[in-house]
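J.: Before I ask anything, let me first share the structure, which is written out below as structure tokens.
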Amino acid sequence: MKKLSASFIEKYLDSIIESPKSELQFNSPFELLVAVMLSAQCTDKRVNIITSKLFPVYHTPEAFAKLTTDELEKYIHSCTYYHNKAKNIINASRDIVDRFGGQVPTKHADLVSLAGVGNKTANVVQAVAFGQQAFAVDTHILRVSNRLGLVETKNPDICERVLKQFFQGKDYNKMHHLMLLFGRYYCTARSPRCSDCELCDYCIKKVGEKNVSR
């Protein structure tokens, strides 16, 4: 098995992914936070459909803090776990209003102190909204990392720590988006596009009954 370098992964993914950025649609750090909270176990495409109707009506922490769960659920009911997400989004909005003066905090510790906000969500907000070098690990990145033998774990936090050692700090944001989009559109869960993938020589995992290595 050949040794896979960080520079080779970055160069290859750069060559096949034109726009390595978030596909969530938002106009402010707060809208991004809400969108990311909605995206848990839900596609970005579905979230964008929901927020295209939600954000023109409600788009500030103050507005969300005043909502009841029933009022918010009318907009997000097509999203998975919408009841819990509605409660968390409203409570997080109240946290932002009451504790942070209506501004989404920039520090990781403050972000994860918000209701319903975990490590991955905090990392996404830090990276995408504030341009900080954070490496959020979602299911796509976790899958790709295991297939390439970079990690052997189902724990996204462990995967994050390994990837942050493997890649340079200045590349965390870029590599997060490159690996996420690669997993979403190329190295998919069920039908990965292995035949034309230059990383396939390094792939050590199996997909279904077929080994993706060549």
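J.: Please go through the stretch 4-38 and give me each residue that is in a helix (DSSP H, G or I) and closer than 17 Å to CYS187 by Cα, ordered by number.
T.: PHE8, ILE9, GLU10, LYS11, TYR12, LEU13, ASP14, SER15, ILE16 - these are the residues of the stretch 4-38 that are in a helix (DSSP H, G or I) and closer than 17 Å to CYS187 by Cα.
J.: On to the next question. Taking the stretch 81-123, which residues are among the basic types (Lys, Arg), over 24 Å from THR139 (Cβ atoms) and surrounded by 15 or more Cβ atoms within 10 Å (Cβ to Cβ)?
T.: ARG94
J.: Let me ask something else about it. Does the stretch 40-49 contain at least one residue that is surrounded by fewer than 18 Cβ atoms within 10 Å (Cβ to Cβ), over 17 Å from the mean Cα position of the chain (by Cα) and among the polar types (S, T, N, Q)?
T.: no
J.: Restricting attention to the stretch 28-39, does a residue exist that is surrounded by 11 or more Cβ atoms within 10 Å (Cβ to Cβ), modelled with pLDDT under 95 and either under 30 Å from PHE166 (Cα atoms) or of a type outside the set (A, V, I, L, M, F, W, C) (or both)?
T.: Looking through the stretch 28-39, none of the residues is surrounded by 11 or more Cβ atoms within 10 Å (Cβ to Cβ), modelled with pLDDT under 95 and either under 30 Å from PHE166 (Cα atoms) or of a type outside the set (A, V, I, L, M, F, W, C) (or both).
J.: Check off (1) more than 30 Å from GLU198 (Cα to Cα); (2) out of contact with any helix residue (DSSP H, G or I) (no Cβ under 7 Å at 6 or more places or on another chain); (3) without any contact (Cβ under 8 Å) to a residue 40 or more places away in the chain for GLY118 and give me the number that stays unchecked.
T.: (2)
J.: Going by what's in this entry, would GLU152 be described as buried (at least 21 other Cβ atoms within 10 Å of the Cβ) and of a type outside the set (Gly, Ala, Ser)?
T.: no
J.: While we're looking at this one, here's another question. Tally the residues that are surrounded by fewer than 15 Cβ atoms within 10 Å (Cβ to Cβ) and under 18 Å from the mean Cα position of the chain (by Cα), restricting the search to the stretch 70-80.
T.: Matching residues across the stretch 70-80 total 1.
The values are calculated or read from the model by the stated rules, or taken from the named source; none is laboratory data. Model, not experiment: these values are computed from the prediction. We place every Cβ from the backbone using ideal geometry, glycine too, and count neighbours over all the protein chains shown.
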